[in-house]
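Values in this text are rule-based calculations from the coordinates and carry no lab data. Since we're looking at a predicted model, the values are computed, not measured. So basically every Cβ, Gly included, is an ideal-geometry build from the backbone, and we count neighbours across all protein chains shown.
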Amino acid sequence: MFDSSVIELSKSALHRNLRFLQKAVGAEVLISSVIKGNAYGHGIDPFVPLAESCGLRHFSVFDASEAYRVRQCQTNPSTQVMIMGFADSDGLAWSVEHGVSFYVFDIARLEEVRELARRIGVPAHIHLELETGMNRTGIRDADLLRATQYILRNQDCLRLEGVCTHFAGAETVANYKRVQDQTAEFQRMCDKITAEGLAIPLRHSASSAAALTYPETRMDMVRIGIAQYGFWPSKETEMQHLLGNDPDYRKHYIDPLRRVLRWSSRVMHIASVEAGQFVGYGTMYMTPRPQKVATIPVGYSHGFRRSLSNLGRVLIRGKRANVVGVVNMSMIQVDVTSIPSVEVGDEAVIIGKQKKARISVGSFSDMANLLNYEMLVRLPTDIRRVVVN
Ligand SMILES: *Cc1c(COP(=O)(O)O)cnc(C)c1O
């Protein structure tokens, strides 16, 4: 209630993105919706039911606390959750009890999970993460046979749901060789597992960038984060997609991805300022001529970075209005001199479209020197999220 700004999540945009992605990866490939980082800032609580209503049934999270939140807000009992990263013993026990699957990336965890599952009396659903060249988490080749045999011997407690790996950056051709090598290593290690007689129900390796640029990485399931929210993992991925799919792109390129998120506030006050006056704190901005300056109740406490002082922009009545002076804790001031009939109460868009104009997270984050990914997850959790059509 009484919010100074609101974040809208567009159902039609998500629907469209998922249609595009499913078509791109192939109908038989399962899409797991990656919702770590509070669903990339969109908010796990509103996003999961929204995604379910668009047909998604598989979600990937980083840790057990995110998995817990999915279990709280999911609307479909058959929705599956997979933890790709951290869970301590309590988190693992909770996961086993609640049918949440998780990555296992070393022998010690495998043994611990077997004990937990035995004690709880339900099998654990595990994804064996393989180390293929990222050198982060993952079972190394030297331990693979042991892990495989251990799972085979303990099938009553350990159900292998999948085998997976993660690429060390598929969003730039600079890593082309590394992705190729990792893919080959992954295949080889999977063959080693199946040769022992252990079947692999789901193989998965691709994030958005890999799924869109390296078809051989799609396998049985893709873990899609950024692209479902309507962002390309990088400019390069977008260019590659466009060049590979539409030789005539110059004539009629339409971005197949739509931003799901839109952040807006309202004009709370308009001041007429004479020429030669400083606006706001200090001396950062002086009016070069008589100007109309509107106040918007969004500031750095809401994630509108202070480094956007004199640089940021918002949209009012479909026109860009530049931030003048410093970003305050709870407010910014913007120049609305050239927006004729601007009034208190007018919508001010911070990220998203208004009429034909748009402020992308990209330009917002370029200015703030942040990656889309980082900018999105920094959106404060306490701004209200609403789902729109
Ligand atoms: C974040 C993440 C993804 C999704 O990456 P995007 O680039 O957002 O699609 C996939 N897999 C793992 C292991 C991740 O951590």
The relative contact order of the chain, taking Cα pairs under 8 Å that sit 6 or more residues apart, comes to a percentage of 19 percent
Note: R188 to N76 extended length (0.36 nm per residue) minus current alpha-carbon separation gives 36.6 nm
Stokes-Einstein D for the chain (10 °C, 1.306 mPa s, Kirkwood Rh from Cα pairs), in µm²/s, comes to 69 µm²/s
Rounded to the nearest whole number, the Stokes-Einstein translational diffusion coefficient of region 1-106 at 20 °C and 1.002 mPa s (Kirkwood radius, C-alpha pairs) in µm²/s is 146 µm²/s
Computed over the chain: longest principal axis from alpha-carbon atoms vs helix 235-245 long axis, angle to nearest 10 degrees, is 70 degrees
Quick note on S264, S205, S78, S307, ordering by fewest other C-beta atoms within 10 Å, gives S78, S307, S264, S205
Protection proxy (average C-beta count within 10 Å per residue), highest first, orders 140-147, 104-111 as 104-111, 140-147
M286 and R159 label points (each 7 Å along its Cα→Cβ direction) are spaced in nm at 7.2 nm
Most exposed first, judged by fewest Cβ atoms within 10 angstrom, T213, T132 run T213, T132
What the 5 Å binned alpha carbon P(r) of region 249-375 shows, as percent of pairs per bin from 0, is 2, 11, 20, 23, 19, 12, 6, 4, 2, 1
Taking r as the C-beta separation of D45 and I120 and R0 as 22 Å, the FRET efficiency to the nearest 0.05 is 0.20
